[in-house]
1. Which translational diffusion coefficient, to the nearest whole µm²/s, is obtained for the chain from the Stokes-Einstein equation, given a Kirkwood hydrodynamic radius over C-alpha pairs, 10 °C and 1.306 mPa s?
2. Which length gain, in nm to one decimal place, applies between N200 and N220 when the Cα-Cα distance is subtracted from 0.36 nm times their residue separation?
3. Per residue of region 176-187, in order, report the coupling 6.51 cos²θ - 1.76 cosθ + 1.60 (Karplus, θ = phi - 60°) as ³J(HN,Hα) in whole Hz, putting x for Gly and Pro.
4. Return one whole number: the accessible area per residue of region 236-291 in Å², for a 1.4 Å probe.
5. Any of K164/K297; K50/K230; K164/K283; K192/K292 with alpha carbons more than 30 Å apart? Name them for me.
6. If packing is taken as the average count of other Cβ atoms within 10 Å, what order do 286-299, 259-272, 206-219, 52-65 fall into, highest mean first?
7. How large a share of the accessible area of region 33-122, in percent, is made up of carbon and sulfur atoms when the probe is 1.4 Å and the other protein chains stay in place?
8. In terms of modelled amide H atoms, which long-range or inter-chain residues lie less than 5 Å from the amide H of L132?
Amino acid sequence: MKNIILLICSVLILGCNSKKKKEENISISSEKSDLSNSPLFNTEIIEPTKLFDNIYYVGYGGVGTFVVNTTQGIILIDAMWTNDDAKNIIIPGMEKLGLNPKDIKYLLITHEHADHYGGANFIEKTYNSKILMSEVAWNGIHNPNATVLVDPFGNKSNDLSLPKSYQKVDNEEVVTLGETNIKVFLTPGHTKGAISLIINTTDNNIDHVVSIWGGTGLPNTLKENKNYLKSLNYFESYAIKNNVDAQISNHPFVNDLLKDMEMLRLRKPTEENPLILTTEQFKRNIDTTLRKSVIEKINDFQ
């Protein structure tokens, strides 16, 4: 029988500007079953928040969904833990923001962990939305031998209703809807099928480029960590060349997004967006958190 374990998530705090740089590691084994105090299992509903002119966050304090609104419809990025989350958190959150769920054209899933694809079945079935993910991730969620994960509500990942079909996304493919382009990068490491994203957006009608690193938690083997570092180097290089000046995470406790969203909800039109970075700040954040941690773990193996 497969061992049923709780979701393993090593999380790195990726701060902006003078934000805290400490690393917060959540490493849970099957011998420790209480994740009630884990940030990942924080199911406090966050007030739906506008991050940029067309990018919004809905979800929990532990994990959520980005809603990208375009002139031709909506792209969701990730779908939280379960169909109930999709129905009772994502959809009401969108409606509170004045967005119509019937406009959801695509659901783009960053990787094959249940807290990111759990609500995909509901979104596909209810709105006839296309599910986009890497081929490796799609195969992963259908693998009968995959590790069974347990969510904050006691549901097992192998009991989830899965989407019926998907559209494969490849490396450096661009998902376009309306005026919005989302460039996809295959970045194996956190999981074998992880993808990272670069999105063009605006803030007060000024152009910006947002990055989403597809999974911060470090894997468990030397080979996987070397793949993680290779993916990180590749993604960072492309991001810098293409003037990325903001970074967000679908785990909002990772990069102080919870604090930034509080500021954004009170923000006046003339005030700066706390998510905006310089290129040097972006690079420094990558180097002093993600890269530093994975190199340390690689060295531990050697």
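1. 83
2. So the extension gain works out to 3.9 nm.
3. 10, 9, x, 8, 9, 10, 10, 8, 9, 10, 6, 10
4. Accessible area per residue, region 236-291: 47 Å².
5. From K164/K297; K50/K230; K164/K283; K192/K292, over 30 Å: K164/K297; K50/K230; K164/K283.
6. 52-65, 206-219, 286-299, 259-272
7. 40
8. L107, L108, I109, Q167
The values are calculated or read from the model by the stated rules, or taken from the named source; none is laboratory data. From a predicted model like this one, the values you see are computed outputs, not experimental measurements. Neighbour counts run over all protein chains shown; Cβ positions are idealised from the backbone, glycine included. Ligands, DNA and RNA are excluded from the accessible area calculation, which covers all protein heavy atoms including side chains. Shrake-Rupley method; radii C 1.70, N 1.55, O 1.52, S 1.80 Å.
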